[in-house]
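Written below as structure tokens is the structure these notes are about.
What follows draws every value from the coordinates through simple rules; no lab data is involved. Small disclaimer: the values here were computed from a predicted structure and weren't measured. Glycine also receives a Cβ, built like all others from the backbone with ideal geometry; neighbour counts cover every protein chain displayed.
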């Protein structure tokens, strides 16, 4: 008799535990994926599962206005009924006013953008014969409202392409002949005179840059001449 009572009590206890577990798990639902959903649609999805929506923040974003950008907890997590899901909603793209930079110097463009809370993005240089050096020739985005990014990329003129020459080999030549060769290319030069008894008088014994180097017309050539 005692054994029978023990069995019945154990069965009742196990039934109670099982019922409690079923009741607990019965109050749990899976968090849906709300990102990309309109706030009304997201709220309905949560209500159908016995959950509630709370707007935690709003941010500028490429998504349309009132669309969920982020959510907490993430999708797939088990939630107890009546718990809240915190979401961040989009304010849409921020309508920035972009100033006209084309025709201005790069430095002036930087100052103008900083003054308006913007910044220079990617800077690309290009050789142009019809635009002064350091001048903005193209900008992206274009001037006006509607930009979604505070960064403005610019194409900057580097001015006309500078002429360049191949540096001649002058070592061993007489100073007069070496100067004559540099005069043809209209290159500036600096001449240093040193005592070098082993070299003929007025011979070029060193040069910079060395022969064969590519040099722009603005270069200054240094010659060392035996005195």
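Principal axis extents of the Cα atoms in segment 75-155, from largest to smallest and rounded to whole angstrom, are 71, 22, 17.
Would you kindly give the portion of the calculated P(r) for the chain that falls above 34 Å, as a percent of all Cα pairs?
Numbers: 15768 of 25651 pairs.
That tail contains 61 percent of the Cα-Cα pairs.
As a rough footprinting exposure proxy, the listed residues 152, 194 were ranked by other beta carbons within 10 Å of their own, and the order from fewest upward is 194, 152.
What is the distance in Å between the Cα centroid of segment 95-115 and that of segment 144-173? Between the Cα centres of segment 95-115 and segment 144-173 lies a distance of 20 Å.
May I ask you to sort 2, 215 by Cβ crowding, counting other Cβ atoms within 10 Å and putting the fewest first? Working shown, then result.
Details: 2 6, 215 17.
Final ranking by Cβ density, sparse to dense: 2, 215.
For segment 164-226, the alpha carbon convex hull comes to 61 Å³ per residue, rounded to a whole number.
Within 10 Å of each residue's Cβ, count the other Cβ atoms and sort 54, 189, 110 from fewest upward.
54, 189, 110
Restricting to segment 164-226, what percent of DSSP beta bridges are antiparallel, rounded to 5? Don't skip to the answer; put the middle values down first.
Details: 8 of 15 bridges.
So the antiparallel bridges amount to about 55 percent of the total.
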